[in-house]
Amino acid sequence: MFNIVLLEPRIPGNVGTIGRLAFALNCKLHLIKPYGFGEITEKEVRRAGLDYWSELEVHEYENIEDFWSKNPFTNRHFFATTKTKQVYFDAKFEVNDYLYFGREDAGLPEDLLAKNKNGCITIPMTNNARSLNIANSVSIIAYEALRQNFDYFK
């Protein structure tokens, strides 16, 4: 199991899609406010998450400090960003790691990345795209973490 952390998500459909993925991988989903939409119960979240949402282990936090007070910071926290050269497939993931993803429109805050340079990872792109959809990014990195630890889950 891994911990998928969404910092201030903006699009309810993405949250639902990521929730569905988290359920499929038996991951915990951590959602840090403020959201770019109303409540997590919005129909767009439920539609994208299908009937898995009620079975998903999801936790909500008022802010990043609230999250860290309940999930103490360690070197097992990884930050997905386009602002590093460290590619995700070079990271050595372990069960229970925290995988952070930022707002769809802005990514993770610069100060957070600057304080955690060793934990920053990126998904390489061979073209000049600015970024990938957050749900795709979560899928890519979460499945790499699973691949590296697959024997644990057998």
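The values are calculated or read from the model by the stated rules, or taken from the named source; none is laboratory data. Just so we're clear, the structure is a prediction, and the values are computed from it rather than from any experiment. No Cβ is skipped: glycine too gets one built from the backbone with ideal geometry, and neighbour counts run over all protein chains shown.
Within the range 126-153, residues that are among the acidic types (Asp, Glu) sit with their Cβ atoms under 7 Å from residues that are part of a helix (DSSP H, G or I), at 6+ positions apart or across chains, in these pairs: GLU144/TYR88; GLU144/PHE89. Hey, does the range 13-34 have a residue that's modelled with pLDDT under 95, in contact with a Lys or Arg (Cβ under 9 Å, 6 or more places away or on another chain) and either farther than 29 Å from PHE150 by Cα or among the acidic types (Asp, Glu) (or both)? No, the conditions are met nowhere in the range 13-34. LEU112 passes every criterion in (1) over 14 Å from the mean Cα position of the chain (by Cα); (2) surrounded by fewer than 16 Cβ atoms within 10 Å (Cβ to Cβ) apart from (2).
Checking each residue in the range 69-79 for being among the aromatic types (Phe, Trp, Tyr) and within 15 Å of PHE101 (Cα to Cα) picks out PHE78, PHE79. Under the condition of being in contact with a Ser or Thr (Cβ under 8 Å, 6 or more places away or on another chain) and among the β-branched types (Val, Ile, Thr), which residue from the range 63-109 is surrounded by the fewest Cβ atoms within 10 Å (Cβ to Cβ)? So the residue we want is VAL87.
Looking only at the range 6-38, residues that are surrounded by fewer than 22 Cβ atoms within 10 Å (Cβ to Cβ), of a type in the set (Gly, Ala, Ser) and under 24 Å from ASN96 (Cβ atoms) come to 1 in all. Filtered by the rule that a residue be closer than 15 Å to LEU7 by Cα, in contact with a helix residue (DSSP H, G or I) (Cβ under 9 Å, 6 or more places away or on another chain) and of a type in the set (A, V, I, L, M, F, W, C), the range 91-112 gives LEU99, PHE101, LEU112. Applying the criterion of being among the polar types (S, T, N, Q) and within 13 Å of the chain's Cα centre (by Cα) to the residues of the range 117-154, the residue that is surrounded by the most Cβ atoms within 10 Å (Cβ to Cβ) is SER137. Residues of the range 76-90 that are touching a helix residue (DSSP H, G or I) at 6+ places or on another chain (Cβ under 7 Å) and either within 16 Å of LEU6 (Cα to Cα) or not hydroxyl-bearing (Ser, Thr, Tyr) (or both): HIS77, PHE78, PHE79, ALA80, THR81, LYS83, PHE89. For the range 109-132, the condition of being within 25 Å of ASN26 (Cβ to Cβ), modelled with pLDDT under 95 and part of a loop (DSSP other than H, G, I, E, B) holds for at least one residue.
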